[in-house]
Amino acid sequence: MRQITIAIDGYSSCGKSTLARELAHELGYAYIDTGAMYRAVTLYCLEKGIIEKGRAVDAFKVIKELLHIKIEFRYSDNSGKSETYLNGKNVEGEIRGMEVSELVSPVSAIHEVRKMMVYLQRQLAKDGGVVMDGRDIGTTVFPHAELKLFMTADINVRVERRKQELLSKGIAVKDSEIKRNLQRRDEEDSTRAISPLKQAPDAVLLDNTKITREEQLKIALRWAKERIVNSAPER
Ligand code: DC
């Protein structure tokens, strides 16, 4: 059967990666978490002391480091998921913490960072049959993706989901701090000059405030199967 590309964009903590992973599993596709890539760049810069909380990000310093950053995804039998590696080290846990969340938006707004990540994302997806989630997948990375979803949900629902995600990793953060971080990232990601977060004109809107994870998967799978059937046959 023909394999399509599925692009999932949307606001922070809307459940994009949950849906993307489940869709990929159901379809036998690869799942690529592009947020993890921007988070890994941010972690590298934090560890090198190039950026720090409360100080404006110096784009020049970040750009100078880019060639020293190698990002890979490797499947873990333990977690049953693909995990993020930065220069050979598993950073799946570290990249999800608040320190990285605080600085990832300004780092990801740097033109050269985006150029490198988009190049890598296209390389990773070159064989097709891919579900990729992020902020600019349907608009910039794969403007011709056969299925584009744009996800949103009520802010309080998103705060609760993010809180549970952090708690499952043993990290306790106040609701107000999570809310501030989500709102600030949404604002910064939507208003940056390069590839801002926005719904592609041909993307389907999926608001999952009031639907369950299972219902959301069912809806998205139906859309994906329609696109697979209707997309042009392989030449
Ligand atoms: O999906 P996430 O919350 O892990 O993404 C972290 C940040 O990375 C997000 O706030 C903005 C940036 N990002 C981006 O600019 N473009 C993408 N395709 C994915 C993420």
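A few notes on this one:
- Fewest-first ordering of 160, 215, 102 by other beta carbons within 10 Å of each residue's beta carbon gives 215, 160, 102.
- Summarising the strand pairing of the chain, around 30 percent of its internal DSSP beta bridges are antiparallel.
- Seen against the Cα atoms of the chain and their longest principal axis, helix 155-168 is set at about 70 degrees.
- Computed [θ] at 222 nm, helices only, for the chain once each DSSP H run of length n ≥ 4 contributes -39500 (n - 2.57): -14500 deg cm²/dmol
- Kirkwood Rh in Å, taken over all unlike Cα pairs in the range 61-147: 14.6
- Intensity falloff of the chain expressed as log10 I(q)/I(0), Debye formula with alpha-carbon point scatterers, at q = 0.10, 0.17 Å⁻¹: -0.44, -1.38
- Magnitude of the charge dipole for the chain, about its Cα centre and with charges confined to Cβ atoms of Lys, Arg (+1) and Asp, Glu (-1), is about 160 debye.
- Residue of 210, 163, 16 that the Gaussian network model of the chain assigns the largest fluctuation, springs spanning Cα pairs under 10 Å: 210
- Long-range Cα-Cα pairs in the range 176-235 (distance over 15 Å), rounded percent: 71
- Other residues within the sphere of radius under 11 Å centred on the Cβ of residue 53, judged by their own Cβ, net out at -2 (K and R +1, D and E -1).
- Equivalent ellipsoid, the range 105-148 (semi-axes from 5 times Cα gyration tensor eigenvalues, Å): 19, 12, 8
- The ranking of 116, 98, 37 from fewest to most other beta carbons within 10 Å of each one's beta carbon is 98, 116, 37.
- Entries of 16/126; 115/174; 61/198; 48/148; 198/218 with Cα pairs more than 30 Å apart: 115/174; 48/148
- Projecting the Cα atoms of 183, 209, 152 onto the dipole axis of the chain, where Lys and Arg carry +1 and Asp and Glu carry -1 at the beta carbon, places 183 farthest toward the positive end.
- Remark on the range 100-235: Rg and Dmax equal 16.7, 54 Å (Cα only).
- The range 27-102 - Rg (one decimal) and Dmax (whole number), Cα, Å: 13.5, 44
- Fluctuation leader among 171, 71, 32 - the chain, Gaussian network, Cα springs under 10 angstrom: 171
Bear in mind these aren't lab numbers, they're just calculated from the coordinates by the rules spelled out. None of these values were measured; they are calculated from a predicted model. All Cβ positions, even for glycine, are placed from backbone atoms using ideal geometry, and neighbour counts span all protein chains on display.
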